[in-house]
1. So, in the stretch 121-160, of the ones that are surrounded by 14 or more Cβ atoms within 10 Å (Cβ to Cβ) and among the polar types (S, T, N, Q), which residue ends up nearest to Gly213 (Cα to Cα)?
2. Starting from residues that are closer than 30 Å to Glu38 by Cβ and among the β-branched types (Val, Ile, Thr), keep the ones in the stretch 87-115 and report whichever is most open to solvent (accessible area, probe 1.4 Å).
3. Quick one: count up the residues across the stretch 96-116 that are more than 35 Å from the chain's Cα centre (by Cα) and part of a strand (DSSP E or B).
4. Which residue, of Thr47, Thr59, Thr30, is assigned by the TED database to the domain that holds Asn222 and either at pLDDT below 95 or β-branched (Val, Ile, Thr) (or both)?
5. If I go through the stretch 169-185 residue by residue, how many of them are open to solvent by 100 Å² or more (accessible area, probe 1.4 Å) and outside any loop (DSSP other than H, G, I, E, B)?
6. Restricting the first residue to the stretch 147-175 and requiring it to be of a type in the set (Lys, Arg), which pairs with a second residue that is open to solvent by less than 50 Å² (accessible area, probe 1.4 Å) meet a Cβ separation below 6 Å and a spacing of at least six or different chains?
7. Could we say that Asn189 is open to solvent by 20 Å² or more (accessible area, probe 1.4 Å) and modelled with pLDDT of 95 or more here?
Amino acid sequence: MDVQKLKRRLGVSLALLAPALAVAGEVTLTGEGRVRYEPDSARLQFTASAEHALPQKATERVANLMSQWREGIADYRDRLADYSDATVNLYTRTLPPEDRNKEPEKRAVASQTISFSINDLTLLNPLLQEAQAIGLDYHLGPHQFFHSNETGLEQEALARAIADAKARCQFVAKQLDQRCGEVVTLNINGGHRPIPMMMAEAKSASDTVSSVGEREIEASVNATFELE
């Protein structure tokens, strides 16, 4: 075969390939996924505290509160995970005198902190009521509630984000009379912390928590697909 014939044949082949090369390309888009859920667990912390002019009296009062607490939760004790009441504090605070001629009054302040987790939220109100009856201090906020399988929920949100990216690619390709092909690149954006939707808090001795409220985990990906 001479050179001229070879050039003519190559020219025909390249011409046939040109339309395919012209329409082939890539598309980059974002996929998003969300999962809503209700927490099923909580991390709780209570503090027994007392003060007195004498340090010994202050510690005795705290010891009495702790004894009442342990007796009150005896039926729930084996269902409290990571239980600890070993954090004890004793310090002295000085009260400003009412009269300049008097010496400042010193008071000993003793406290003992209780912390644990529960994986059954039906225990929440009975424990709060026990703490309220004894006079323990606590704060209940959204950050203390979580789901026992948050890793699984995060993975589900990510799977939905990837599926969303695929669906968007297929839609775009269809509009261009093409087909969504292989993934060229896939970037997973930083994880999002669970977002509380709403929550009821227990604030006084008569309050109970009726609903922890829904939360939402978000995930997103940036993906580049071939178009065929």
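The values are calculated or read from the model by the stated rules, or taken from the named source; none is laboratory data. All figures in this text were calculated on a predicted structure; none of them were measured in a lab. So basically every Cβ, Gly included, is an ideal-geometry build from the backbone, and we count neighbours across all protein chains shown. Protein only, heavy atoms only, side chains kept; ligands, DNA and RNA dropped before computing areas. Shrake-Rupley method; radii C 1.70, N 1.55, O 1.52, S 1.80 Å.
1. Per the criteria, the residue is Gln144.
2. Initial filter on the stretch 87-115 (closer than 30 Å to Glu38 by Cβ): 113-115.
Cutting the leftovers down to among the β-branched types (Val, Ile, Thr) gives us 113-114.
On the way: Thr113: 26, Ile114: 0 Å².
Among them, the one singled out is Thr113.
3. 4
4. Working: Thr47 fails: assigned by the TED database to the domain that holds Asn222; Thr59 fails: assigned by the TED database to the domain that holds Asn222.
After applying the criteria, what remains is Thr30.
5. Start the filter on the stretch 169-185 by keeping residues that are open to solvent by 100 Å² or more (accessible area, probe 1.4 Å), which leaves 170-171, 174-175, 177, 179, 182.
Okay, now just the ones that are also outside any loop (DSSP other than H, G, I, E, B), so 170-171, 174-175, 182.
Result for the stretch 169-185: 5.
6. From residues that are of a type in the set (Lys, Arg), the pairs are Arg160/Gly33; Arg168/Leu29.
7. Working: open to solvent by 20 Å² or more (accessible area, probe 1.4 Å): yes; modelled with pLDDT of 95 or more: no.
For Asn189, the condition - open to solvent by 20 Å² or more (accessible area, probe 1.4 Å) and modelled with pLDDT of 95 or more - is not met.
Here is a yes/no grid of residues against (1) within 30 Å of the chain's Cα centre (by Cα); (2) part of a loop (DSSP other than H, G, I, E, B):
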position	(1), (2)
Ala63	no, no
Met66	no, no
Glu71	no, no
Asp75	yes, yes
Asp82	yes, no
Asp85	yes, no
Tyr91	no, no
Thr94	no, no
